[in-house]
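All remarks here apply to the structure that follows.
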Amino acid sequence: MSRPYIIIYTSMSVDGRIGVLGERVVLSRRCDLERLHYFRSIVDAVMVGANTVLNDNPLLTPRYVERKPSKKMYRIVVDSDLKTPVNARVYDISHGPSIVVTSIDSCFEKKSVFRERGVEVVEVPRLPGSRLVDLARALDRIHSLHSDIQKILVEGGGYLIASLLKQRLVDEIYLVVTPKILGRGVCFVRDGILDNSVDLELVSLNLCSCGEEVVLNYKLKYYPP
């Protein structure tokens, strides 16, 4: 089974929060946004979870930086229950192709509406005994349908990040610690999903040029199960 290279990029508060459910929380400084959009410009696709779409309604296209006009920019939403609205900005295919990953048992009628709007629907089963979709199978399917998707940037949220880590699908993490304490909200990795701890190898630690953010880069260390 083949899959694209998966990079997680996220900004979090000092107390490990990446946002507050149902609220739009801005953690990033301008330099962090520029860094994020640079990563968007060099990958083949950006992936987010359903709650990120519901909370932020992002377009997920690169700004602040130039991107080769001939290079496609795929946007991928993992939405196992199809709770995101079909008119969300990320599904506007005038900005590039959009893919929604969902479960086989999600709403048939809504899948039809997505397809009518030009959004590609990738259906996969859920993991046994879980509400989580089989992301390994989804990534394999995406890779087989789109050979130009070699590298995917995952921007959240905590549920999707935890799901990818649980299924041992993450290759690299960029974690930006911002000078803010939220005191509540969604953790970088959602509680209650991981079965075991995950070992990381620190590649680099840098102070951002703004002098206020710390950028950590990790590689994942996977051992045979």
Study note, to complete from the structure: Of (1) at pLDDT 95 or above; (2) at positive phi, Ile104 satisfies every one except (2)
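In this structure, does Asp32 turn out to be in contact (Cβ under 8 Å) with a residue 60 or more places away in the chain, exposed (fewer than 15 other Cβ atoms within 10 Å of the Cβ) and either part of a strand (DSSP E or B) or of a type in the set (Asp, Glu) (or both)? Spell out how you get there, then give the answer.
On the way: in contact (Cβ under 8 Å) with a residue 60 or more places away in the chain: yes; exposed (fewer than 15 other Cβ atoms within 10 Å of the Cβ): no; either part of a strand (DSSP E or B) or of a type in the set (Asp, Glu) (or both): yes.
No, not satisfied.
Yes or no: Ser103 surrounded by 16 or more Cβ atoms within 10 Å (Cβ to Cβ) and among the hydroxyl-bearing types (Ser, Thr, Tyr)? Give the derivation first.
Details: surrounded by 16 or more Cβ atoms within 10 Å (Cβ to Cβ): yes; among the hydroxyl-bearing types (Ser, Thr, Tyr): yes.
So Ser103 fits the description; yes.
Could you tell me whether any residue of the range 182-190 is basic (Lys, Arg) and over 29 Å from Glu23 (Cβ atoms)? Steps first, please.
Here is the first cut: in the range 182-190, the residues basic (Lys, Arg) are 184, 190.
From what is left, the residues that are over 29 Å from Glu23 (Cβ atoms) are none.
For the range 182-190, residues basic (Lys, Arg) and over 29 Å from Glu23 (Cβ atoms): absent.
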Practice item. Could you list, in sequence order, all residues of the range 192-202 that are closer than 15 Å to Ser130 by Cβ and exposed (fewer than 13 other Cβ atoms within 10 Å of the Cβ)? Key: Gly192, Asp195
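Does any residue of the range 62-79 turn out to be at pLDDT 90 or above and among the polar types (S, T, N, Q)? Can you show your working first?
Step one: of the range 62-79, the residues at pLDDT 90 or above are 74-79.
Keeping just the survivors that are among the polar types (S, T, N, Q) gives none.
There is no residue in the range 62-79 that is at pLDDT 90 or above and among the polar types (S, T, N, Q).
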Check your understanding: Residue check, Val53 against (1) surrounded by fewer than 20 Cβ atoms within 10 Å (Cβ to Cβ); (2) touching a strand residue (DSSP E or B) at 6+ places or on another chain (Cβ under 8 Å), all met but one. Which one?
Key -> (1)
Check your understanding: Which number in (1) modelled with pLDDT under 90; (2) in contact with a strand residue (DSSP E or B) (Cβ under 8 Å, 6 or more places away or on another chain) marks the one condition that Asn206 misses?
Key -> (1)
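The values are calculated or read from the model by the stated rules, or taken from the named source; none is laboratory data. Because the structure is a prediction, the values reported are computed rather than measured. Neighbour counts are summed over all protein chains in view; Cβ atoms, including those assigned to glycine, are modelled from backbone coordinates with ideal geometry.
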